[in-house]
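Notes follow once the structure below has been shown.
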Amino acid sequence: MMRHLFGCAALCLLLAAGSSARTLDLDVHLDVEARRLAASGRFDPPLREFLLDARLTPQPPSAWQRIGEEAGAVRWRAIDGKPKERIDWQGELATLPAARDARQVLGRLPPMADRAGSWLPAASLWHPWAGDEPFSYRVSLDLPATQRALVPGRLLSETLTRRGWHAEFASEQPAIGLDLLAGPWRVGLDDLVLARDRRVSVRSWFTPAVEALAADYRASAARYIAGYSDLIGPYPYAGFNIVAGPLPTGIALPGLTYLGEEVLRLPFIRTISLRHEVLHAWWGNGVEPDWAHGNWSEGLVTLLADHATREEESADAARQLRKDWLRDLAALEPGEDRPLREFRARHDGASQIVGYQKSAFVFLMLRDMLGTQSFNTALRTLWQERQGQRAGWDDLQRVFEQACGCALGPWFTQWLDRPGLPAPRITSARSLIRQHGYRLELDLAQDEPPWLLELPLAIDTPAGVIERRVRFDNAQATVSLELPAQPLTVRLDPQARSARRLSPEETPPALRQVQVAAGVALLLPVRDGDWPGAAREISERWLDTQAHADGSTRLVIGPPAAVDSWLATAGLERPAEVRGGTAQAWAMRGRDGRTLAVITAATPAEAAALGAKLVHYGRFGWVVASDGRVSDRGIWAAPTPAISVLPAP
C-alpha cells in the first residue's frame, strides 16, 4: 500500500515530476535509547521560513521565531529575516504506540523512536519543510552500533566502528519529503541481474527474530522485480529494500517496502503483500498518481499483484477473490461507495473497498474488454511516457484508447464519476427451437440512469455450459442469442468478472458488513467484570465508525452461555460450523433480515484478542481462534442464482 504525502494517511517520500534545482544535505544523529534526534541540514536555496514537528526545535532557539502552528507542526522564521543555508535542529521523539494495530498507522503519525524500531515519516515534518517543491538529497546517518537505518535512495557507503554505525544515502529521484527508518536489523544482500546485465541490489533489513525468513523474502522480491520488468519496463531503482518493523502495516517507498514484523511468517505476506509493494515501484512511485484527481495506483496494483497471485494459484481461487470483492462492495452503506475519482488514500475499511477493490474491478473489466495484449501494451506505453512524472486517470484513458484504437470516454466517465454500482438483472428467459439449434431470448433490466455494460452470461445446456457476453446500455432490453444446444438455465456473471451490486441471494452474511456499517449498536449480555472494557476495545479497533445505542446493525459480545441465551431470546441459534477453539466470531442474519455479528469467548481477554484480528478477516462469515491464533474460518455459501429458461409461447 502506497501512502500519499498530503492525504489523510501517513506522509511518505513522494516522487516529484522532472528534475529539481533544490538540494538538501542532511547529517542525522539518532539515539534510539534516549529517543533523541540531532540533525543538521544544508539547504540550497537557503530557507528563511519552514515547518518543523512541534517536538523539535531549531538551534539556537534564539535565532528563530515561532510564527504559527499547523497540525502538530510549528512554523519558524529567522529572527534576522535572512535565509539560512545551514539549519540545525534537535528534540525528543515520540514513543511507539503501546497497543499497535493497523488502524493506528492510517493517520498522521509523529516521528517515533524505539530500540525495537524507529520511523520518522515525511508527514511528521521531522526535517525543515518549506513547501512541496522537489529536492535532491544526500543523507548521512549515525546511530548506535546495534542499530541500522535507511532512507529511500542509493546506499553509497556504510561503516561500523566502536563509536557506532554510519551510512550515506543519495536520492535517485527528486522528493518533497523524506522517510527515515531504523531498527536492530541484520542486513542480507542478493544481487539480481536483469536484462542487459543491469544489476539490482536486493536487501533485507530484518531483526534476529525473523532473520531466518530473510533469504526467502529476498528471493521472492527478486522474482517479482524480474517479472514486472518484463511486463512493464525496466525496474527504476538501483536497489530494493525489504524492511521489517514493529508497526503492523505495509508501506511502499521508492526502492523500499516496510512490512510489519509480526505478520512476516504468514504465507500470504510474502506471496501477495510483498508482491503488491514491489509493484508500487512502477505504479505509485515510478509513476505517481495525480493526487488532485484521484489515486488509480492502488486498484491497478491490486489487480496485477493480489489478483494475479490468485490467478496463478487457480481459476477457482481468482474467482473467489472477485466474489469477495463484490460482497465487500455490497456491504457498503449508501453514500460510502463514492466515485473512484474521489479516492486518494485508504483511511478505513470502506475507503479500501472502493480505492483498491472497486478500482481493481474497473481495470479487470477494461482488460477483459480490450484483451490482455492491448491492455499490457497500454501499460508499457504509460511507463515509457510517464516514468518519473505524475499521471492522472485521463492519461490512463489516453494510452488505453491508443492501444485499442477505440473511444473509451463514456465508459471511463461512468466508472470514475458515478457513485455506487449497477444492478443488472435477468427478469425472464425463454427459448425457441430453430432450424439449426435454439434461440435464447433474455429480458434484462437495470435502474435509471442506465450503465454501459458488457455482461458475462453462463448458459447451462445438456451439452455443457456456454459462455457469452452481451452489451446492455438501456434500462430495459431484450437480447437474443443463437445457441447450438437447448438452454436450460442462465446465470448472470457466475465468474464474478463484472462490477455490480449483488442480489441478496448472492450476498451471504460476512463480518465486513458489520465492520463498515454506518451505525452499529453494541450489545453485551454480560455487563460485569472486564466485558464492557473488552467490548469497547473491540469496537474501537474493528469498526469503521463509533458504536452507538441507536445503531441498526448489532454487534453482540460476551461469554458463550450468555451469548447463546441471547440468541435464543432473539429466535436465533449458533451455526453448527462455529464450534471449537477458545473464541469465535461470526456474522448471521437476524429475524429482521439485517446482518449482525457475534464475538464470544471464555474470557474478555480472549474475545479482545480475536477482535483485534477481525480487520484481516472481513470477507469471512465465521472465524474460530485457539489460544490467540485463528484455527478455522469459512464463508457462508451463496451460489449465483440460475434463471430457468421456459419455452417461448
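Structure notes:
- If you take the alpha carbon atoms of the range 22-263 and fit the smallest convex hull around them, that volume is 134 Å³ per residue.
- Computed from the C-beta positions of ASP27 and ARG199 and an R0 of 30 Å, the FRET efficiency is 0.55 to the nearest 0.05.
- Most to least packed among 629-637, 149-157, 379-387 [average Cβ atoms within 10 Å]: 149-157, 379-387, 629-637
- Top positive-direction residue, dipole computed over the chain with Cβ charges, set GLN352, THR461, ALA549: THR461
- In terms of Cα atoms, the Rg and Dmax of the range 288-417 work out to 14.4, 40 Å.
- Gain upon complete extension [ARG527, GLU448; 0.36 nm per residue less C-alpha separation]: 23.6 nm
- Only one residue of GLY294, LEU37, ALA215 has its Cα farthest out toward the positive end of the dipole of the chain, where Lys and Arg carry +1 and Asp and Glu -1 on Cβ, and that residue is ALA215.
- Equivalent-ellipsoid semi-axes of the chain, from the Cα gyration tensor, Å, largest first: 47, 32, 22
- Rounded tilt (10° steps) of 359-370 against the dominant C-alpha axis of the chain: 60
- For LYS358, a cut-off of 30 angstrom between C-alpha atoms picks up these lysines, skipping any fewer than 8 places away in its own chain: LYS323, LYS613.
- Cβ-based net charge around ALA648, under 13 Å, with every Lys or Arg adding one and every Asp or Glu removing one: +1
- Angle in degrees between helix 560-569 and the longest Cα principal axis of the chain, rounded to the nearest 10: 40
- Residue separation of LEU160 and ARG77 scaled by 0.36 nm, minus their Cα-Cα distance, works out to 26.1 nm of gained length.
- Shape index of the range 511-634: Rg/Rh, with Rg the Cα radius of gyration and Rh the Kirkwood radius from the inverse mean 1/r over Cα pairs, equals 0.91.
- 0 to 90° range, to nearest 10: angle between helix 372-386 axis and the chain longest Cα axis: 20
- In the range 22-263, a dipole from Cβ-located charges (positive for Lys and Arg, negative for Asp and Glu) runs towards its positive end, and of PRO46, GLY227, PRO121 it is PRO46 whose Cα lies farthest in that direction.
- For the chain, the antiparallel share of DSSP beta bridges with both residues in that region comes to about 80%.
- Separation between Cα centres of the range 279-303 and the range 230-273, rounded to whole Å: 16
- The range 18-76-the range 579-649 distance, computed between alpha-carbon centres (Å): 49
- Lys, Arg +1 and Asp, Glu -1 on Cβ, resulting dipole of the range 496-560 about Cα centre, debye, nearest 20: 320
- Difference of contour (0.36 nm per residue) and Cα-Cα distance, GLU467 to ARG319: 51.7 nm
No value in this document is a laboratory result; all are computed from the given coordinates. Here the structure is a predicted model, which is why all the values come from computation and not from measurement. Every residue, glycine as well, gets a Cβ built from its backbone with ideal geometry; the counts of neighbours run over all protein chains shown.
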